[in-house]
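The values are calculated or read from the model by the stated rules, or taken from the named source; none is laboratory data. Keep in mind that this is a model prediction, so the values were computed, not measured. Glycine gets a Cβ as well: all are built from the backbone with ideal geometry, and neighbour counts include every protein chain shown. Calculation scope for accessible area: heavy atoms of the full protein, side chains included, ligands and nucleic acids excluded. Shrake-Rupley method; radii C 1.70, N 1.55, O 1.52, S 1.80 Å.
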Amino acid sequence: MDMEGEEKNNPPPVPFTEGVKYAGSKLKLLPYILEFAGLNGCRSVFDGFSGSTRVSQAFAASGYSVTANDCAVYSKIFNTAYLLNTKPPSEYVSLIEYLNSIPPEEGWFTHHYGGDGGNISSFGYDGLKKPWQRKNTMKLDAVRREIDNLNLDEISRAVCLTSLMLALDKVDNTIGHFVSYLNKWSARSYDDLKLAVPSLRINRLKNTVLNEDIFSAAGNKSASAADIAYLDPPYGSNNEKMPPSRIRYRSYYHIWTTICLNDMPAVTGKAGRRVDAADRNSPSVFEDFRKTKGGGYVAAEALDSLIQKLENPFVLLSYGSSGRIDLSSLQEILSSNGRIIRAKKIDFKKNVMASMKSTNIWAKNPEEKNIEYLFLLGK
């Protein structure tokens, strides 16, 4: 079917969402996602790759019952705070104020990720660039230790960790990921780390938070019972020169994983990545650029298998033009699994991270348009 163009001047309004800087964030796509999802009277949704959780937040705020899943632990923490909270935000004020009052201390995070703000460079004691100034990693060390010491229920703990990550995101020395850090301290990195109560809702509908592989989550009772499944799989790259071992999200956001787990893992490389986030560990099948013996792409066959597995009446898929699966292949996969009800393409500027030299070295054309495709499928 023909694809619609975007409506640039009057997009539908969307509820407020909150999150850290995130590659591939669907913040600008939210108006169209909500528009497509509402076409068939759907009131429950399975968000299979919830990532930064902005889409899950938007669905919940729009009156949907949400089942949100992602294999990343930080996504589970965000979803727990935003989707499972049933208290007024004011009830967390004293807890957050207490965490802000804790004296800073030098610990594991400062040793690995803190740099001296007194110098014009952003290097730490080991001569490597750092994502935060020492004054803020010392506050991180103290607050993170205290969160574990407090006898908190699951939701309150998630609210505290969400508050901590949001605060750290506001004082970082990065361009949005933790694989490379800026040579000179960013202006915001000089600000003091200060926690605030996240922008929480009082959730009155039943929401569910999963932390599973997508193929496992798709078979979950709550997920399969949803009216519609929203899929935003990781894209990998359509560039033949892109290393097949590059694991974008596990690698890009390794620090959020460590902050949530507080497991003080072995780290490697100039960025201090968790060893289990190194390039060759646990690759995502959806980011795999290789071809199968049958001549198709691994990523394309994985998407086809996932859509076949879903029991939901409708599937909403978003996918970028920079991904391994091209438009004709996407249409072929979807058409073989049902009827494409509606399709739209939205022209967005490339993510700011594309301007990073370390990220952009694999780009074929820095001026190439970044198209997002949105498909609504009836199974």
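General remarks:
- Total residues in the stretch 82-107, condition touching a Lys or Arg at 6+ places or on another chain (Cβ under 9 Å) and of a type in the set (A, V, I, L, M, F, W, C): 2
- Residues that are hydroxyl-bearing (Ser, Thr, Tyr) and out of contact with any Phe, Trp or Tyr (no Cβ under 8 Å at 6 or more places or on another chain) were ranked within the stretch 263-295; the one that is modelled with the lowest pLDDT is Ser282.
- The stretch 216-262: number of residues that are modelled with pLDDT of 95 or more, charged (D, E, K, R) and open to solvent by 50 Å² or more (accessible area, probe 1.4 Å): 2
- Boolean, Lys135 is part of a helix (DSSP H, G or I), more than 23 Å from the chain's Cα centre (by Cα), crowded, with 20+ Cβ neighbours inside 10 Å and not aliphatic (A, V, I, L, M): no
- Selection count where residues are assigned to a loop (DSSP other than H, G, I, E, B) and either within 22 Å of Ala271 (Cα to Cα) or touching a helix residue (DSSP H, G or I) at 6+ places or on another chain (Cβ under 7 Å) (or both), scope the stretch 193-218: 12
- In the stretch 268-322, residue most open to solvent (accessible area, probe 1.4 Å) [restricted to those that are small (Gly, Ala, Ser), in a helix (DSSP H, G or I) and farther than 17 Å from Ala217 by Cα]: Ala300
For every residue, the table says whether it meets (1) buried (at least 18 other Cβ atoms within 10 Å of the Cβ); (2) modelled with pLDDT of 95 or more.
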| position | (1), (2) |
| --- | --- |
| Tyr22 | yes, no |
| Phe49 | yes, yes |
| Arg54 | yes, yes |
| Ser62 | no, yes |
| Leu83 | yes, yes |
| Pro89 | no, yes |
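- When Lys184 is tested against (1) modelled with pLDDT of 95 or more; (2) open to solvent by 50 Å² or more (accessible area, probe 1.4 Å); (3) over 21 Å from the mean Cα position of the chain (by Cα), only condition (1) is not met.
- Residues located in the stretch 332-360, provided they are modelled with pLDDT of 95 or more, part of a helix (DSSP H, G or I) and open to solvent by less than 50 Å² (accessible area, probe 1.4 Å): Ile333, Leu334
- Members of the stretch 46-102 that are hydrophobic (A, V, I, L, M, F, W, C) and more than 20 Å from Leu164 (Cβ to Cβ): Phe46, Phe49, Val55, Ala58, Phe59, Ala60, Ala61, Val66, Ala68, Cys71
- Checking Ile147 against (1) touching a Cys at 6+ places or on another chain (Cβ under 6 Å); (2) assigned to a loop (DSSP other than H, G, I, E, B), the condition it does not meet: (2)
- Residue match in the stretch 149-172 (condition: charged (D, E, K, R), open to solvent by 10 Å² or more (accessible area, probe 1.4 Å), touching a strand residue (DSSP E or B) at 6+ places or on another chain (Cβ under 9 Å) and modelled with pLDDT of 95 or more): no
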